[in-house]
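See below for the structure under consideration.
The values are calculated or read from the model by the stated rules, or taken from the named source; none is laboratory data. Since we're looking at a predicted model, the values are computed, not measured. For neighbour counting, all protein chains shown are included, and Cβ atoms are generated from backbone atoms with ideal geometry for every residue, glycine included. For the accessible areas, the whole protein counts, side chains as well, though only heavy atoms, and no ligand, DNA or RNA atoms are used. Shrake-Rupley method; radii C 1.70, N 1.55, O 1.52, S 1.80 Å.
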Amino acid sequence: MSTLRDYVQQIENLGRFRQSAPYKPCLLLAVIQLIEHGDIHENKIQLSPNLIDAFTKYTAKFPDWKGKIYNPFYYLKNDGFWYLYPNVNRETQLNSLGRRIPSSIRRLRELIAYAYLDEPFFNLLTQSHEREIIRQAIIEKYFPDRRQAIENVIREEQQIGEHRQLLIQEVTEYPFSYQVRSEPVEAENPVRRTAFRREIMHWYNYTCAVCQLRVVTEEGKSITDAAHIIPFHISYNDDIRNGISLCKLHHWAFDQGLISLNENYEVKVSRLISEEGPAEWRFSNLHNNLICLPQNEILYPAQDALAWHREKVFRE
Ligand SMILES: [Zn+2]
């Protein structure tokens, strides 16, 4: 069985394919980060928006790098600890690819369900001490001149991760409550904002609760916003139960009071709405539709927040 030392050695000898930029180490740092924050909790590494987002955060520190994630995600299979698990009936196609790597995330997702690591390697990464040794080995080997930039990303991500823990704790330990406050808005806090967004996107899987649209770009950007039910500037409330995932269109309509939600999480459409255009896009079609909700009921939008929205914002 391979030991920590063996894996560190393997990582220090990652193959490079024509490019000099270390995309593979950036992907490994992203995977380590997602394991650290519980976004990856089993040995299945999906080409998910949060993985792409994390990868992009590291590569963004190097403006001259133009690499896309599908490159390292595919080629790490040559390094002895990373394997690709094909989708049903795609095994032959995947095996016959060789060096003709699919040149889009979409194509790669059609072929690959997920990547997975050597089981002992994955287990090492779930333990904080060993994880840190591996992470430091990556930085030491591939980013000796850019240590500061990489460590800044890690530190910022750890702050976001800690804030996410607090948001979850709030839900599991306290009933939802809010106060409408009169003080001026606090200075924008990117850690707070990102933590809230990540939690909402995690539980709603980047899907609009109202129309179920899920659109994600190759850079991990999504059509959905983490919307506050009682706006943040009024409630200062980042409780996950004051949040909902909405596409740009339905976020706007929700904030304008053109749609709201009843006690049964069904869409209410304002009678004052005036709309024209293709029938399938009209708000009136949404009336009484049940929205899609997180799997766990404790994360559902709070009834108090929805009641506030119906009373103060909705144009019945
Ligand atoms: Zn929508």
For this session: Taking H placed 1.01 Å from N in the peptide plane, check which residues at least 5 places from I45 or on another chain put their amide H under 5 Å from its amide H.
Result: A115, Y116
Exercise. Which ³J(HN,Hα) values, rounded to whole Hz and listed in residue order, are derived for region 48-57 from phi using the Karplus coefficients 6.51, -1.76 and 1.60 in 6.51 cos²θ - 1.76 cosθ + 1.60 with θ = phi - 60°, glycine and proline given as x?
Worked result: 8, x, 6, 5, 4, 4, 5, 4, 5, 4
Problem set entry | Amide H within-cut-off set for D225, under 5 Å, with H built and near neighbours excluded | L246, C247, K248
Problem set entry | Rounded tilt (10° steps) of 23-36 against the dominant C-alpha axis of the chain | 50 degrees
Problem set entry | FRET E, pair N262, E156, Förster distance 35 Å, beta-carbon r, rounded to 0.05 | 0.35
Exercise. How much length is gained if the chain between H41 and Q295 is pulled fully straight, taking 0.36 nm per residue apart and subtracting their Cα-Cα distance, in nm to one decimal?
Worked result: 89.8 nm
Exercise. Using a simple spin-label model with points 7 Å from Cα along the Cα→Cβ vector, what separation in nm is obtained for R315 and D145?
Worked result: 5.8 nm
Problem set entry | Three-way shape call for region 223-284 based on the alpha-carbon gyration tensor, with the a/c threshold at 1.5 | prolate
Exercise. Which log10 I(q)/I(0) values, to two decimals, does the chain give at q = 0.12 Å⁻¹ under the Debye formula with one point per Cα?
Worked result: -0.90
For this session: Report, to the nearest whole %, how much of the accessible area of the chain belongs to carbon and sulfur atoms, 1.4 Å probe, protein only.
Result: 47 percent
Exercise. Highest mean first, what order results for 301-309, 239-247, 57-65 on Cβ atoms within 10 Å?
Worked result: 239-247, 301-309, 57-65
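With the cut-off at 30 Å, tell me which of the pairs K57/K312; K57/K268; K57/K77 have Cα atoms farther apart than that.
Checking Cα-Cα distances, K57/K312; K57/K268 exceed 30 Å.
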For this session: Measure off 7 Å from each Cα along the Cα-to-Cβ vector at E12 and L97, then give the distance between these two points in nanometres to one decimal.
Result: 3.0 nm
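Just to confirm, what accessible area per residue do you get for the chain at 1.4 Å probe, in whole Å²?
53 Å²
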Exercise. Is region 177-316 best put as rounded, prolate or oblate by its Cα gyration tensor, with a ≥ b ≥ c the root eigenvalues, rounded for a/c under 1.5, and otherwise prolate when a/b is larger than b/c, oblate when not?
Worked result: oblate
Exercise. Could you give me the ³J(HN,Hα) list for region 263-278, computed from phi with Karplus coefficients 6.51, -1.76, 1.60 and θ = phi - 60°, whole Hz, x at Gly and Pro?
Worked result: 5, 9, 6, 9, 6, 10, 10, 4, 6, 8, 6, 10, 9, 9, x, x
Problem set entry | Most to least packed among 121-134, 218-231, 35-48 [average Cβ atoms within 10 Å] | 218-231, 35-48, 121-134
For this session: Express in nm, to one decimal, how much length is gained between N123 and E173 on full extension, taking 0.36 nm for each residue of separation and deducting their alpha carbon distance.
Result: 15.0 nm
